[in-house]
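Asker: Quick one: the structure is below, questions incoming.
The values are calculated or read from the model by the stated rules, or taken from the named source; none is laboratory data. Being a predicted model, the structure only gives us computed values, none of them experimental. Positions of Cβ are backbone-derived with ideal geometry, glycine not excepted, and every protein chain shown enters the neighbour counts. When the accessible area is computed, the model is the full protein with side chains, heavy atoms only, and any ligands, DNA or RNA have been set aside. Shrake-Rupley method; radii C 1.70, N 1.55, O 1.52, S 1.80 Å.
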Amino acid sequence: MIKLTINNQDVDLSVEKEMPLLYAIRDELKMTGTKFGCGAGQCGACTVHIDGQAMRSCITPISFAQGKQITTIEGLDENNDHVLQIAWREYKVPQCGYCQSGQIMNAAAMLSNNANPSDDDIDNAMQGNICRCGTYPRIKSAIKKAAQLKQSRES
Amino acid sequence: MSTLNKVNDLQVVNVSRRRFIQGLGLGSGALVLGLSLPGFSALASGQSMKDKAEHALNFFVAIDDNGKTSIVCHRAEMGQGIHTSIPQMIADEMEADWAQVFMVQGKADKRYGAQGTAGSTSIRNQYIQMRQIGASARQMLEQAAANVWNVPLTQVTAQNHEVKNLSNGKTLNFGELAKAASQLTPPEAEKLTLKSPEQFKYIGKEVKLFNMDDIIAGKAIYAQDIQLPDMLIASIARPPVVGGKVESFDASEALKVKGVVEVIQLKERNYPVNVQPLSGVAVLATNTWAAHEGKKKLNIKWQDGENAVHNTKAYQQELIDKVNSKGISVRQKGDVYQHQFDESLTVEATYSVPYINHTPMETPSATAIVTGSGDDTKCTIWAGTQNPQWAQSLVAGELGLPQEKLENVALNLTLMGGAFGRKSKSDFIIEAVELAQKVKRPVKVVWTREDDIQHGFYHSISANYLKAQVTPEKGADFWLQRVTYPPIGWLFNDKQDRPNDNDLSLGFGDLPFELNNLICETQTVTTHIRTGWVRSVACINNGFALGSFVDELAVKANVPTRQMWLNLLGEDRMVDVKAEGFNYSNYGMDYSTHPIDIKRMKSLINLISDKANVEEALPENQGWGISFLRSFGSYVAAATKVEVSNKQVKVLEMHTAIDCGVAVTPDRVRSQMEGAMIFGLSITLMGEITTKDGRVEQSNFHDAPVTRMHQSPPMHVHIVDSQEPPGGVGEPGVPPIIPSITNAIFHASGIRIRHLPVNKTLSV
């Protein structure tokens, strides 16, 4: 039995300890906002937060998450009004939308560590998240906008 | 221009039907409208609800008593924004209030007419029809109000979700009128008046996009997100060589994986390969991970078959050799072969493009349930598919159902996590159906990324050859061009041995230049692997070759590339390439609405050159490249600035200009152009699938890379304000991007990239 806390809820899962967290989230907990993209930690579609850090859930064994706090896109903000989500709506970032949960989760972890990221900071932090539709320019704009929103909220 | 606002002869019919209304959760007073499109059955006739209660939906508009307006989008959403654009066209003509409009995804149903979301057709082919649906609804609502007030129709007008009595200013809202309107006979097509462009409220304007909020909240449902009780998840090992078969396998180790329930060998399939499954062995499990883990333990021995001879390195050289020798002419003018070329004024070049995979972020996936047997077999599917009717028909065939039992196959469309042409093929859907029928449980087939990259329908490997001589006027003449590649038609007819006229219509046989001597040729090939439509299709290689060659001619003539384009295009005119014997398909459109208009081409080339300022003075290691292609009914020009230092390319800035006629949803035109630039960057800089002994050598993003954020420069999109009939948007952005990048590399470094991708020559 694996115990973990996901979006502030305690859950017990009876799965193999090697099972990647992604499949536990999607198949066992039926939370499908977190996506499969490559199964190899190369595309970022499966990004969740584990104790606040952006992690690729497709290559993270669930045993690693035992006892830790996990946040998925569904738990990022109860009203879906995280500054990134607000900015994402303003810039109409998504096209197909499939990679966007991972993009937002990765960006959220970056913003927690860097309140005012430069273009280079964003490139460095986000280059592990692939978008095949080509939303990069809008992601970049939206992250900068979210950083502004966050700063004005906090000041 | 008149064609835009002229109501065509299609009839809108009232098809209020109980099942549709029930399906939408609407009250029985709903007004439901469908459109009689070409090829529709007689079902689409204005009969009473009771008579039609048993028929499935072919409807677009429904209004409930509270005014809530449901509009069906019968096309599929893969990121292009069609879920918004179809309701936008209908709602505008209806005078519906956008805040009260809800989009309903239509299922597979031939009564919608053409439902395939491919070829950038959804708007360009349906701009009039969708607006007619809205105009008809509007007129029925107006008539219902006129009846209430006992005034002539001319005394009322619909505006913003209500109908106003012009003589006394009274109003009735759409909800109040829905029931009465639904009882009326829809107006004849000739009595419909469509809006003039200045009356548009939504078309060409910014509107709130459907799906956006759900995506950002992680709530949007894609094919992989389907969860059903008792469902098994299947991971399939497929023959690594097309046409290969399973010689033996051992299920015992796979069955030991916790969660694995069953191992099933899929049935063998024959040539032509069509878009059927490749066969192989499936591991079915209660969770995705167990299915994938089980697959690794099957210990399969394969019989590779005849296509194991396919090695792309040698094959590409074969293609190059072929286009360097005389081929089969498809278009000819004057006499190129008798000309004595002046070598000092002649450019001769061969270009090649490798296989390219679609690589949508969501790998193929479908879920199916099959019940019953014989003609009573029923099947329900959830899938992201670009071609639901084709899938439905193939599934019926798979289940042995006659085509008149198509309705036994209910195909529900999910959002697609990208597609780019991959999801127009139904192999993954049929896999789910085959397995669901065998295990009598719901089955979701999920492809791994390795599956996606190694068992694709690739953009064809190709070679293009061009030769021409610069004229004293700094244009060119004596133009000889050849292309060949394994044709997509091989999927359906394995005797097809060369691109056909339809294939060659994609940026090759439609060369629009003012030339006195021209010959366009192709060559025969053998095919060894599945190829398919990838965003922009053969315009990828033809656009790359043409855009590169014009740049090479400009260099030879010592004129700016812009000037060479303008010189080659010549006088403003409408070009008829059919006049020179080419059987041109014009993307399925008529010249009368979508001519080859030289004036629009020249203005795009000037626009991109001016907006990007491509003739500015630059540091020695920087350069601008431009290119242009008219494809899928739209005109697109691109400009890219790069820096090349120490054999490393850095893309600094990109521009795209599009004239797509009316831009129905401008923000999604813009986002498609942004996407096209990034898709084009991937193709140009790093896109390559290779085979050795018939097997694809790449497997995941580490060896089949795509553009990442740090490789994506600042981008600018310029949309031409136009009221010309709409052209396509999803595909035409890509072709000019590719040579704009390689031309820029040449102008920055002197290195001419004739063989993609760039990363074979330079670091990216």
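This table checks each residue for (1) in contact with a helix residue (DSSP H, G or I) (Cβ under 6 Å, 6 or more places away or on another chain); (2) at pLDDT below 95; (3) not assigned by TED's automatic domain parsing to the domain that holds B:I82.
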{"position": "B:I128", "(1), (2), (3)": "no, yes, no"}
{"position": "B:Q132", "(1), (2), (3)": "no, yes, no"}
{"position": "B:S136", "(1), (2), (3)": "no, yes, no"}
{"position": "B:L141", "(1), (2), (3)": "yes, yes, no"}
{"position": "B:P152", "(1), (2), (3)": "no, no, no"}
{"position": "B:A158", "(1), (2), (3)": "yes, no, no"}
{"position": "B:V163", "(1), (2), (3)": "yes, no, no"}
{"position": "B:T185", "(1), (2), (3)": "no, yes, no"}
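Each row is one residue, and each column tells you yes or no for (1) touching a Cys at 6+ places or on another chain (Cβ under 6 Å); (2) within 21 Å of B:D452 (Cβ to Cβ).
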position	(1), (2)
A:P20	yes, yes
A:L29	no, no
A:T34	yes, yes
A:A40	no, yes
A:I59	no, yes
A:T72	no, no
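Asker: What are the residue pairs meeting all of these: first residue in the range B:647-658, first residue farther than 17 Å from B:K611 by Cα, second residue acidic (D, E), Cβ atoms under 6 Å, and 6 or more apart or on different chains?
Answerer: B:K650/B:E643
Asker: Now, a different point. Inside the range B:349-368, can you point out the residues that are over 30 Å from B:L228 (Cβ atoms) and in contact with a strand residue (DSSP E or B) (Cβ under 6 Å, 6 or more places away or on another chain)?
Answerer: Answer for the range B:349-368, where residues must be over 30 Å from B:L228 (Cβ atoms) and in contact with a strand residue (DSSP E or B) (Cβ under 6 Å, 6 or more places away or on another chain): B:A349, B:T350, B:Y351, B:S352, B:V353, B:Y355, B:I356.
Asker: If you don't mind, there's one more thing I want to ask. Working only within the range B:483-499, note down all residues that are open to solvent by 10 Å² or more (accessible area, probe 1.4 Å) and in contact with a Ser or Thr (Cβ under 9 Å, 6 or more places away or on another chain).
Answerer: B:Y485, B:I488, B:W490, B:D494, B:Q496, B:D497, B:R498, listed by residue number.
Asker: Evaluate the following for B:P714: is it open to solvent by 50 Å² or more (accessible area, probe 1.4 Å), modelled with pLDDT of 95 or more, closer than 18 Å to B:V651 by Cβ and not assigned by TED's automatic domain parsing to the domain that holds B:T117?
Answerer: yes
Asker: Among the listed residues B:F513, B:F457, B:F508, which satisfies the condition of being farther than 30 Å from A:A40 by Cα, hydrophobic (A, V, I, L, M, F, W, C) and out of contact with any Pro (no Cβ under 9 Å at 6 or more places or on another chain)?
Answerer: B:F513
Asker: Filter the range B:554-604 for residues that are farther than 29 Å from B:G750 by Cβ and without any contact (Cβ under 8 Å) to a residue 40 or more places away in the chain and give the result.
Answerer: B:D572, B:R573, B:M574, B:D576, B:K578, B:A579, B:D590, B:Y591, B:P595, B:D597, B:K599
Asker: Which ones in the range B:195-229 are more than 7 Å from chain A (Cβ to nearest Cβ) and at positive phi?
Answerer: Passing the criteria: only B:G204.
Asker: Could I ask something else about it? Being part of a helix (DSSP H, G or I), of a type outside the set (S, T, N, Q) and surrounded by fewer than 24 Cβ atoms within 10 Å (Cβ to Cβ) is the filter here; which residues of the range B:88-111 pass it?
Answerer: B:W98, B:A99, B:K110, B:R111
Asker: Could you check the range A:15-29 and list, in sequence order, the residues that are over 21 Å from the mean Cα position of the chain (by Cα) and within 10 Å of another protein chain (Cβ to nearest Cβ)?
Answerer: A:V15, A:E16, A:E18
Asker: Do any strands (runs of 3 or more DSSP E) entirely within the range A:1-68 hold 2 or more residues that are in contact (Cβ under 8 Å) with a residue 60 or more places away in the chain, and if so, which?
Answerer: Those strands (runs of 3 or more DSSP E) span A:2-6, A:47-50.
Asker: Next question, about the same structure. With respect to the numbered conditions (1) among the charged types (D, E, K, R); (2) more than 14 Å from chain A (Cβ to nearest Cβ); (3) open to solvent by less than 30 Å² (accessible area, probe 1.4 Å), which one is the sole condition not fulfilled by B:K245?
Answerer: (3)
Asker: Scan the range B:606-623 for residues that are open to solvent by less than 20 Å² (accessible area, probe 1.4 Å) and within 29 Å of B:L504 (Cα to Cα) and jot them down.
Answerer: Selection gives B:I608, B:S609.
Asker: Then there is this: Which residues, counting only those in the range B:198-223, are of a type outside the set (S, T, Y), outside any helix (DSSP H, G or I) and open to solvent by less than 70 Å² (accessible area, probe 1.4 Å)?
Answerer: If the condition is that a residue be of a type outside the set (S, T, Y), outside any helix (DSSP H, G or I) and open to solvent by less than 70 Å² (accessible area, probe 1.4 Å), then B:F200, B:I203, B:G204, B:V207, B:L209, B:F210, B:N211, B:G218, B:A220 are the ones that fit.
Asker: Within the range A:110-155, take every residue that is open to solvent by 10 Å² or more (accessible area, probe 1.4 Å) and within 15 Å of the chain's Cα centre (by Cα) and give me the one that is nearest to the other protein chains (Cβ to nearest Cβ).
Answerer: A:Q127
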